[in-house]
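Have a look at the structure below before the remarks.
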Amino acid sequence: MDNKRIAAVAGMVRPGRLAADIGSDHAQLALYMLQNEMVPAIIVSDIHAGPFDRAYQAANASIFRDRIDVRRGDGLQILKKGEADTVIIAGMGGDTIAQILAYDLDKSRSFGRFVLQPMSRPQMVRKFLAAQGWPLLEEKIIEENGRLFIIIKTCPGEKPYHLSPLEMDIGPLILAESRQDVVKQYLYYWLGKYRSAAAGLNNARNSELRILKLEYKEKIDRLEEILNGS
């Protein structure tokens with residue numbers, strides 16, 4: 001994770017409270033937050049031996065070694081209920097993030113805030129959040145090294161809500177900021193994906209595939225309206 005993304009993720013963490021970074025690898029985010037006095041202490045973890053060792057070595061070599069608790073384990077299983085205020089899960093696929101949150105819902109609901117940065121399929125994260133009633137508090141796009149990254153801030157909730165297919169893919173808060181240059185870039189990226197997928201279904205005869213093509217057309221039409229300022 002590079003500096004721009006680290007700063008953006010850290011900026012969504014509630015300051016002055018214990019945080020946890022799940023899948024921390026080199027503990028870069030933890031060290032950044034401690035260097036900037038954003039949190040008093042942080043728990044970092046990874047399930048794999050290599051990333052765990054790198055995080056342990058980085059933490060142990062720093063002046064913050066007494067404020068970084070490095071643990072090895074799977075997802076939220078390394079935490080006690082309510083042990084951290086903000087839980088960060090960054091750099092994983094959206095499916096994996098959703099699975100981590102869903103594994104023990106009772107424990108997941110015990111934390112105050114989540115900062116999620118899916119590397120792919122962010123719609124799977126939003127699908128989980130909407131079904132569980134966890135609000136989308138903030139959605140941000142970060143451009144880094146020619147790639148766009150999505151960061152989502154949420155907290156446990158109780159009222160499930162509906163997202164349209166387009167909102168599920170792109171994010172309702174992002175769609176609402178369509179005049180921003182980085183958002184436009186992201187919308188054009190999705191528009192290209194939809195057009196390519198729809199073109200691949202031009203000769204579809206199966207009724208399910210024809211329905212899928214219509215869904216892509218609806219998304220294309222709506223995105224074009226948004227990008228044209230309608």
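The values are calculated or read from the model by the stated rules, or taken from the named source; none is laboratory data. Keep in mind that this is a model prediction, so the values were computed, not measured. Heads up, the Cβs are rebuilt from the backbone with ideal geometry, glycines too, and the neighbour counts pull from every protein chain shown.
Overview of results
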{"item": "Top-ranked residue of region 190-230 - restricted to ones that are closer than 27 Å to Glu177 by Cα and of a type in the set (S, T, N, Q), ranked as nearest to the chain's Cα centre (by Cα)", "result": "Ser196"}
{"item": "Condition check for Pro40: surrounded by fewer than 19 Cβ atoms within 10 Å (Cβ to Cβ) and under 14 Å from Val115 (Cα atoms)", "result": "no"}
{"item": "Elements of type helices (runs of 4 or more DSSP H) contained in region 160-230, each with 2 or more residues being over 21 Å from Ile150 (Cα atoms) and in contact with a helix residue (DSSP H, G or I) (Cβ under 8 Å, 6 or more places away or on another chain)", "result": "181-199, 207-227"}
{"item": "Asp169 out of contact with any strand residue (DSSP E or B) (no Cβ under 7 Å at 6 or more places or on another chain) and outside the structural domain of Gly50 (by TED's automatic domain parsing)", "result": "yes"}
{"item": "Qualifying positions in region 51-108 - among the acidic types (Asp, Glu) and more than 22 Å from the chain's Cα centre (by Cα)", "result": "Asp53, Asp66, Asp69"}
{"item": "Considering residues of region 179-230 that are among the aliphatic types (A, V, I, L, M) and in contact with an Asp or Glu (Cβ under 8 Å, 6 or more places away or on another chain) only, the residue surrounded by the fewest Cβ atoms within 10 Å (Cβ to Cβ)", "result": "Val182"}
{"item": "In region 136-159, residue nearest to Arg222 (Cα to Cα) [restricted to those that are of a type in the set (Asp, Glu) and not in a loop (DSSP other than H, G, I, E, B)]", "result": "Glu139"}
{"item": "Entirely in region 2-98, the helices (runs of 4 or more DSSP H) that have 2 or more residues that are charged (D, E, K, R)", "result": "3-10, 49-60"}
{"item": "Single residue of Asp25, Asp21 found to be at pLDDT below 95 and in the same structural domain as Glu158 (by TED's automatic domain parsing)", "result": "Asp25"}
{"item": "Selected residue [under 22 Å from Gln185 (Cα atoms) and modelled with pLDDT of 95 or more] from Ser164, Ser108", "result": "Ser164"}
{"item": "Any hit, region 167-178, residues being under 12 Å from the mean Cα position of the chain (by Cα) and charged (D, E, K, R)", "result": "no"}
